[in-house]
Amino acid sequence: CLILAFAQPYFQKNKRDEGRNTLIYVDNSLSLQAKEKDGGEMLQFVKSSLLEDLRPVGRNYTLITNDDILRNLESEGLKREILDINYYPIKKSLSQVLLEAMTLQDDDIALGSDIFLFSDFRKDDDTDSFASNSSDQFYLIPVRPGRLENLILDSLWMGNPDENEIKLKARISSQGMDVNNLSVSLILNDRLYGKTT
């Protein structure tokens, strides 16, 4: 015991956790505007969950969104960037996000990464062509709306033009909505051009 006391042994931190990368993907596509059960938007829920659960650790983070990739963020910088996430109209496929995550990893770190994916994981997300490092840990966090209601503008075209008016025709479909007596309006530059049921 005396020898151990004078030698002042120490226990090294877990090297496995110390050298691992942490990558966070936040799906900020327009589909995350859907409402939760409490009425809040899903993207806001993701942001607040991340901010509440984020614990400062001695490592840097990488934040991936549909419109940006931010590397080497410390916990405070990550929090600021999470707060600044806004909607982006083009969604990356899940396989594209995973490929970006693999290319962002440091070549000299063989310990793998902790990859957190926050998304609604739509049906079109394809991961068949994806190959990962066996030491990577994936955490898929699905974000689902409280009600699956959606109105979709499928297509829009001009009807036969008349001298006095232009007719716009549209194909609109719905998901999980009662479409009886549903009002649809055409508004351009804050001016109402047409309304129908």
Per residue, what volume in Å³ does the convex hull of the Cα atoms of segment 21-107 enclose? 90
Candidate cut points under trypsin sites (Lys or Arg not before Pro) in segment 154-197, DSSP loop plus at most 16 other Cβ atoms within 10 Å of their own Cβ, are Lys167
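Taken together, the values in this text are just the output of simple stated rules run on the coordinates, not laboratory data. No experiment lies behind these values; they were computed from the predicted model shown. Reconstructed Cβ throughout: ideal geometry from the backbone, glycine too, with neighbour counts over all protein chains shown.
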